1. Taking the conditions exactly as written (in a loop (DSSP other than H, G, I, E, B), buried (at least 17 other Cβ atoms within 10 Å of the Cβ) and not assigned by TED's automatic domain parsing to the domain that holds Tyr27), does Ala298 satisfy them or not?
2. Can Ile32 be described as among the β-branched types (Val, Ile, Thr), surrounded by fewer than 23 Cβ atoms within 10 Å (Cβ to Cβ) and either assigned to a helix (DSSP H, G or I) or in contact (Cβ under 8 Å) with a residue 24 or more places away in the chain (or both)?
3. For segment 26-39, how many residues are within 13 Å of Glu237 (Cα to Cα) and touching a strand residue (DSSP E or B) at 6+ places or on another chain (Cβ under 7 Å)?
4. Of (1) in contact with a Gly (Cβ under 9 Å, 6 or more places away or on another chain); (2) within 18 Å of Asn166 (Cα to Cα), Arg104 satisfies all except one. Which?
5. Note down all Cβ pairs under 8 Å where the first residue falls in segment 223-244 and is basic (Lys, Arg), the second is surrounded by 22 or more Cβ atoms within 10 Å (Cβ to Cβ), and they're at least six residues apart or on different chains.
6. Looking at segment 226-239, which of its residues are assigned to a helix (DSSP H, G or I) and either in the same structural domain as Ala133 (by TED's automatic domain parsing) or more than 17 Å from His192 (Cβ to Cβ) (or both)?
7. So which helices (runs of 4 or more DSSP H) are wholly in segment 40-152 and hold at least 2 residues that are in the same structural domain as Leu14 (by TED's automatic domain parsing), surrounded by fewer than 21 Cβ atoms within 10 Å (Cβ to Cβ) and at pLDDT below 95?
8. What's the total number of residues in segment 208-225 that are under 22 Å from Ser42 (Cβ atoms) and either part of a helix (DSSP H, G or I) or of a type in the set (S, T, N, Q) (or both)?
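The values are calculated or read from the model by the stated rules, or taken from the named source; none is laboratory data. Everything quoted here is computed from the prediction, not taken from an experiment. Cβ sites come from the backbone with ideal geometry, for glycine too, and all protein chains shown count toward neighbours.
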Amino acid sequence: MVTTLTLTEEILELKQQRKAILLAHHYQDPEIQEIADSIGDSLELARAAQKFDGEVIAFCGVRFMAETAKALNPHRTVVLPDMNAGCSLVDSCPVEGVRAFKRRNPEYVVVSYVNTSLEVKAESDLICTSRNAVAVVNSIPADKPILFLPDINLGNYVQQQTGRKNMKIWQGACIVHATFPGRRLAAARSEHPNALVAAHPECPREVLHMADFIGSTSAIIDWCAHQQADEFIIMTESGVRYSLEKLAPGKKFYFVANENCNCSECPYMKLNTLEKLRDALINLNPRIELPAELMERARLPIERMLAVK
């Protein structure tokens, strides 16, 4: 009798054969998160990649995350199920523009959000995530001017939190968070008057003004799990529902649609599927290939980011 493996069983068997780890961002589909070795936000997954001692990293997220993992593991294989899984923030910040700014303004400290290409990271003095951006900016001497890139909403939030006046902010935006309308959040609050609002700092200022809590994806999940409240309006990508319901069973979570797709999903994150993950483990493709010199230059600011608590 021939036993046919399920798709999940195939992946888990391939993972063992390849001595691989499966890293999944909170925005991935639930069936991917279900079998991941580590689920997290950009910072947590970078730390998981940094500690990995196997042979293959299967990164279920978007390309800049897999590039970061490769820079931290230059001699290991890193695969991304769909190489088209990009990021609007990466696209908004081409490295040529960053280099041109540095030539004109050599006195500036360049702080790049992790949602950037590895080329931009290599041009940066410091890298941050939404979780540690305030701490990273606060670590820079007050008299040093800062270029913060590429997210305008996160940059505005960091500037407000730190009080830094000598800070220029790039004009990039996330196609999911930046298109959450304040009017829809206001309507959701009217519909669910007992719900607390948790928002990602990539959201527009009018959304953040209505939030009870502002934080990274993982910080939102942790905050909701530890609140006494039973209802929450979540202003980030709806993939977080998996972890929210797992860590806070019995609570209700409401998501507000953005203007782009009348949903709260990242189209890039949703390109990864179980089928593509299986094929990536079979073929070790698509794989992240980067010049050694680029990885070496980018590794220092990435490691500085990981050192900030």
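1. On the way: in a loop (DSSP other than H, G, I, E, B): no; buried (at least 17 other Cβ atoms within 10 Å of the Cβ): yes; not assigned by TED's automatic domain parsing to the domain that holds Tyr27: yes.
The answer is no for Ala298.
2. Numbers: among the β-branched types (Val, Ile, Thr): yes; surrounded by fewer than 23 Cβ atoms within 10 Å (Cβ to Cβ): no; either assigned to a helix (DSSP H, G or I) or in contact (Cβ under 8 Å) with a residue 24 or more places away in the chain (or both): yes.
So Ile32 fails the test.
3. 2
4. Going through the list (1) in contact with a Gly (Cβ under 9 Å, 6 or more places away or on another chain); (2) within 18 Å of Asn166 (Cα to Cα), Arg104 breaks only (1).
5. Going by the 8 Å Cβ cut-off, the qualifying pairs are Arg241/Ile234.
6. Residues of segment 226-239 that are assigned to a helix (DSSP H, G or I), as a first pass: 226, 238-239.
The answer is His226, Gly239.
7. On the way: elements: 42-51, 63-72, 88-91, 95-104, 118-122, 133-138.
By residue number, 42-51.
8. Within segment 208-225, the first condition is being under 22 Å from Ser42 (Cβ atoms), and the residues that meet it are 208, 211, 213-225.
Add one more test, that the residue is either part of a helix (DSSP H, G or I) or of a type in the set (S, T, N, Q) (or both), and what stays is 208, 216-225.
Number of matching residues: 11.
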